[in-house]
Every structure is written in structure tokens, then in C-alpha cells.
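The values are calculated or read from the model by the stated rules, or taken from the named source; none is laboratory data. Quick caveat: nothing in here was measured; it's all calculated off a predicted structure. Positions of Cβ are backbone-derived with ideal geometry, glycine not excepted, and every protein chain shown enters the neighbour counts. Ligands, DNA and RNA are stripped out before the accessible areas are found, and what is left, the full protein with its side chains, is counted by its heavy atoms. Shrake-Rupley method; radii C 1.70, N 1.55, O 1.52, S 1.80 Å.
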Amino acid sequence: MEDPQAYIESGILEQYALGLLTPAERAAVEAEAARHPLVAQELAADQRALEYYAQAHSRELPAAMRDRVLSKVLAQIAPAETVAPAATAPANGAPGPSASLRADVDALARPQPTAAEPGVRPIISAAAPAAPRRGLTIAASVALLLSLLGNAYLYQQWQGADNALVALQDTQNRVAANTLVTEKKLGEVSAQNAVLRDAEFHFVALAGTPDAPKDRARVLFNAKTRRVYVDVQNLPAAPAGRQYQLWALNNGKPVDAGVLTPAAAAGDRLERMKDIASAQAFAVTLEPLGGSATPTMPIQAMGTI
């Protein structure tokens, strides 16, 4: 490596500190740190910055947890010492395996010195010059990066939840609309069934005339309530700009009983027409949209009570 500064700015030292490198890449970084004091200084600063961040965000474990773990380990070692102490002790008087294990556990239980042990050579010298300002900058950058990643994750979760809520509300609205339509249709069917079962209604069959021999319909007329319903059985689709109209013939005079909607003319439902006080016959003609004051000939279908 010819330029240590370019090597430092490549970001590989931060990856080393975060543990993102392969063993071969870590070995290469350690070799560069051993050859160049500036690289070793920057690597130490990066590691300290991560330690500061970890300490600032660490949580202290319960004090009793360490004692409980050591007690369980010591309890497992004690039976091995009491069952066969002679068998486990070497002939030369050296401590046995269980005694050595207990000694190791006791050593771990004691507070450990913070100074480096003699004979252990760290990868990076602790006496290397520090770079507090760059370390704080790196720590702030790492904290900012983690914060941005966390915020992005939370935003994605919120956005997903918001989209799911919108989809759920849309589904709920469609279900409510379908429910209203179904309830309306059920109400219409129930009302039509009541009319068909009412003995007070007279059924008047309307047969096609010579001008429209295939036309068929029937009128349900209640003289007491004056209600009139039409049940189309067979009427061809009305031409553009035209509409079927029902007439009540009272003493030979035609009385407007209303126009048929396309659904009623197609036979999809029983449709209520205008109330009629008195009639001896009913007829259907084809009129302009909205109906006429007097019937236009010819008559499509006709029937008498």
C-alpha cells in the first residue's frame, strides 16, 4: 500500500471494526496496521468509537445472574471432587481435572485486571496516538447510520400498515355497499311475494294483439287499496326513444297508469304503477320517453278484469 490515507478513507477500517470482513481480509488489514502507524491509529480510533457507542446503548444485566451461573457450575464440579478424588488426582501431585476446572471458574469469578497480560502482544499498540476528534466523528456517523436505518425500517412498517388499513377500509366499504344492495333486493322480493300472496289482488292477463301477437304481461289490481302492479312476461326491448306505458280503461276512457322502467319491461321485477280508482281493462302501448297523455296506437297487449 503506497498511500495510507487513501487506504484509511476507503472504509475498510470501519468494516473491520464492525466485523464485516472475511478472515483473509481481516488479516490483510492487521498486516497494514502493523506496517503503518497511521493505519493502526485510525483502526484503534474506530474500535474505540464502536466501544463508546456499545457502552452508551448497553443494558446492565441483573447482578444476581452472574452468581446464579457460577453457583450452577460449581454445583456440577463438586460431585466430581467428592466421588473419586484419588482417581482424578495425578500421581505427581498436580491438581486433578476437576480441581483445575474449579480453579479456572474461581479465577473467572474474580475481577479481572484491566492491564494487558505479560507476553500478549496486541494487534494494535495501546500506546498509539489517539484521534479523539475523528473517533467522535466516526461514532456520530455510525449512530446516524443506525438511526437512519431504524427510521427507514419503521417508515416501511408504518407505510405497510397504512396501506393494509386503506385496503381493509376499501374492502369494508365494498362489503357494506354489497350488503345494502342485497338487503334492498331482499326487501323488493319480500314485497313482491306479499303482493302475489294477497288475495285482494285481481290478476288480469294481457295478451298480445294482432300487431304484437307474442307480447305477454299481467296486471295485479287491488280495488280496495287502488294499487296496481305489472308483471311483464314477454315484451320485446323498446326501440330507442320509446317506452312502454300502461293504461287503465275505465268506462271506455284510457287513464294513464304510468310508464314501465327498462328493468320492469324486461321482466326482471314486479313494478308498482300509479294507483287506479276504477278500471274494467288494462292495455300496454309503446310511447315516447316519459309517456303520453293519450295512448298511441296500436295497442301491444290488452286484458279485461
Rounded Å value of the spacing that divides the Cα centres of the stretch 166-180 and the stretch 230-266 = 37
query = Each residue of the stretch 161-166 in turn: what ³J(HN,Hα) in whole Hz from Karplus with 6.51, -1.76, 1.60 and θ = phi - 60°, glycine and Pro shown as x?
reply = 5, 5, 5, 5, 5, 5
remark   = Rounded to the nearest 10 Å², the accessible area of ASP231 using a 1.4 Å probe with every protein chain kept is 30
query = How much accessible surface area, in Å² rounded to 10, belongs to the heavy atoms of GLU51 with a 1.4 Å probe?
reply = 100
inquiry  = With a cut-off of 8 Å between alpha carbons and a minimum separation of six or more residues, what is the relative contact order of the stretch 146-241 in percent?
reply    = 15
Probe 1.4 Å, all protein chains present, accessible-area order of HIS202, HIS36, largest first = HIS202, HIS36
message = I need the phi-derived Karplus couplings for the stretch 238-255: 6.51 cos²θ - 1.76 cosθ + 1.60, θ = phi - 60°, integer Hz, Gly and Pro marked x.
response = 5, x, 4, x, 10, 8, 6, 10, 9, 10, 9, 9, 10, 6, x, 9, x, 10
ask   = Which sequence of LYS274, LYS224 reflects their accessible areas, 1.4 Å probe, from the largest down?
value = LYS224, LYS274
remark   = Which residues qualify? For MET273, with a placed amide H closer than 5 Å and at least 5 residues away or on another chain, they are VAL228, TYR229, VAL230
key: Positive minus negative residues near ALA293 (Lys, Arg vs Asp, Glu; Cβ under 15 Å)   = 0
ask   = If you rank GLU14, GLU183 by how much accessible surface each has, with a 1.4 Å probe, what is the order from largest down?
value = GLU183, GLU14
